[in-house]
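Notes follow the structure.
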């Protein structure tokens, strides 16, 4: 399911062009921002509830969260209607159903339903890709909007189907107003602090695209976003490896066979690996990349190299942050996250007035 969006890149790059891809990247950034506030980390709240309290009254938390999402999303839709912003209206709707889908995936993951979890993910990505191709082949104008509509229709279809299956298999219970109030307060207590957590990642990962879109051109953002998208293949691979190896790391930390000194050495050694992906990309002829993306994306190689370098720095970070997570040093992790965000904002504030290649 992770491969399909990357396989769709050559098609999107040729259909949308550099400017269109830049505009799409801008709207996808806004979609990610809407999800933070409309979703309030409900997938995490549902997962924590399941692990702490079990399956008892899980449906109460799920449905209460959905009501919150519909209410906040409804308010946002009214604002979009007053502003006469059709695209924003689609983005808010898409954010609502993306939250629904994330919650359904979280339920399957908690209950260790590997096959349903995989099927939902595959259905989402395949439906998204097929609807995108269908919309872009049928229409010839406003293709960015059609891509957003394809995402929206895919989210609606898969999230509703997943919810109907979940409701059919869950035990129907009646709850009092007080129970719904308690569930709502639980979601708020869990989700509000997570706004800062996810907000930090949003600032460091996507805020720059909003500035680039308004400060420079759609084409500049298109090259920038495409470079980031291709380089993200590396981060997906690194994070997948980390997810697979963390249980073994924690087991060895518990046994004492892995110490902090060893992790320090491994982290330092990993700095030798950090520049390797960028160096490999450096020797690849740009015409190969243009054959893959289309001739309009000339100059994208520079951004791929830079983003590969930054994504590779995740490796030494993960060595040390996993150690802190194991020992429950969340304050230190939060401090580092806040500090890096402040440094990032300072750098972005200074570089935004130079050239896009320095951002």
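The values are calculated or read from the model by the stated rules, or taken from the named source; none is laboratory data. The shown structure was predicted, so the numbers you read here are calculated from the model rather than taken from an experiment. Using ideal geometry, Cβ is built from the backbone for each residue, glycine included, and neighbour counts are taken over all protein chains shown.
For the range 173-190, state whether one or more residues are free of Cβ contacts under 8 Å to residues at least 60 places away in the same chain and part of a loop (DSSP other than H, G, I, E, B). Full working, then the answer.
Of all residues in the range 173-190, those free of Cβ contacts under 8 Å to residues at least 60 places away in the same chain come to 174, 176-178, 181-182, 185, 189.
Going one step further and asking which of them are part of a loop (DSSP other than H, G, I, E, B), we end up with 174, 176.
For the range 173-190, residues free of Cβ contacts under 8 Å to residues at least 60 places away in the same chain and part of a loop (DSSP other than H, G, I, E, B): present.
Considering only the range 305-359, state which residues are outside any helix (DSSP H, G or I), within 30 Å of residue 285 (Cα to Cα) and without any contact (Cβ under 8 Å) to a residue 24 or more places away in the chain. Steps first, please.
Of the range 305-359, the ones outside any helix (DSSP H, G or I) are 313, 327-329, 352-355, 359.
Now narrow it down to the ones that are within 30 Å of residue 285 (Cα to Cα): 313, 352, 354-355, 359.
The answer is 354, 355.
Checking the condition touching a helix residue (DSSP H, G or I) at 6+ places or on another chain (Cβ under 6 Å) and either outside the structural domain of residue 117 (by TED's automatic domain parsing) or not in a helix (DSSP H, G or I) (or both), which residue from 148, 203 passes? Walk me through how you get there before you give the answer.
Numbers: 148 fails: either outside the structural domain of residue 117 (by TED's automatic domain parsing) or not in a helix (DSSP H, G or I) (or both).
Every option except 203 fails the conditions.
Considering only residues that are under 23 Å from residue 219 (Cβ atoms), touching a residue at least 40 places away in the same chain (Cβ under 8 Å) and assigned to a loop (DSSP other than H, G, I, E, B), which ones fall in the range 265-295?
The answer is 294, and nothing else.
Which pairs do you get when a residue that is in contact (Cβ under 8 Å) with a residue 12 or more places away in the chain, found in the range 127-138, comes within reach of a residue that is not in a helix (DSSP H, G or I), reach meaning Cβ atoms under 9 angstrom, with the pair 6+ apart or on two chains?
Close Cβ pairs (under 9 Å, with a partner that is not in a helix (DSSP H, G or I)) amount to 128/8; 129/8; 132/8; 133/8.
Just to check your reading of the model, which residue among 101, 83, 130, 40 is at pLDDT 90 or above and crowded, with 20+ Cβ neighbours inside 10 Å?
Numbers: 83 fails: crowded, with 20+ Cβ neighbours inside 10 Å; 130 fails: crowded, with 20+ Cβ neighbours inside 10 Å; 40 fails: at pLDDT 90 or above.
When all the criteria are applied, what remains is 101.
How about the range 191-218: which of its residues are buried (at least 19 other Cβ atoms within 10 Å of the Cβ) and more than 16 Å from the chain's Cα centre (by Cα)?
Across the range 191-218, the qualifying residues are 191, 212, 213, 218.
What single numbered condition from (1) in the same structural domain as residue 282 (by TED's automatic domain parsing); (2) modelled with pLDDT of 85 or more fails to hold for residue 249?
Result: residue 249 passes all but (2).
So, in the range 341-359, how many residues would count as being farther than 23 Å from residue 278 by Cα and surrounded by fewer than 15 Cβ atoms within 10 Å (Cβ to Cβ)? So that I can check it myself, show each step before the final result.
Our first condition is that a residue be farther than 23 Å from residue 278 by Cα; within the range 341-359, this holds for 341-343, 345-346, 349-350, 352-354.
Filter again for surrounded by fewer than 15 Cβ atoms within 10 Å (Cβ to Cβ), leaving 342-343, 345-346, 349-350, 353-354.
So the count comes out to 8.
Okay, residues lined up against (1) within 24 Å of residue 315 (Cα to Cα); (2) at pLDDT 90 or above:
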site	(1), (2)
193	no, no
198	yes, no
213	no, no
217	no, no
222	no, yes
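Hey, does the range 270-286 have a residue that's more than 25 Å from the chain's Cα centre (by Cα), more than 30 Å from residue 12 (Cα to Cα) and surrounded by 12 or more Cβ atoms within 10 Å (Cβ to Cβ)?
Checked the range 270-286: at least one residue is more than 25 Å from the chain's Cα centre (by Cα), more than 30 Å from residue 12 (Cα to Cα) and surrounded by 12 or more Cβ atoms within 10 Å (Cβ to Cβ).
Considering 301, 262, which residue is under 16 Å from residue 226 (Cα atoms) and either part of a helix (DSSP H, G or I) or in contact with a helix residue (DSSP H, G or I) (Cβ under 9 Å, 6 or more places away or on another chain) (or both)?
Values: 262 fails: under 16 Å from residue 226 (Cα atoms).
On inspection, the qualifying residue turns out to be 301.
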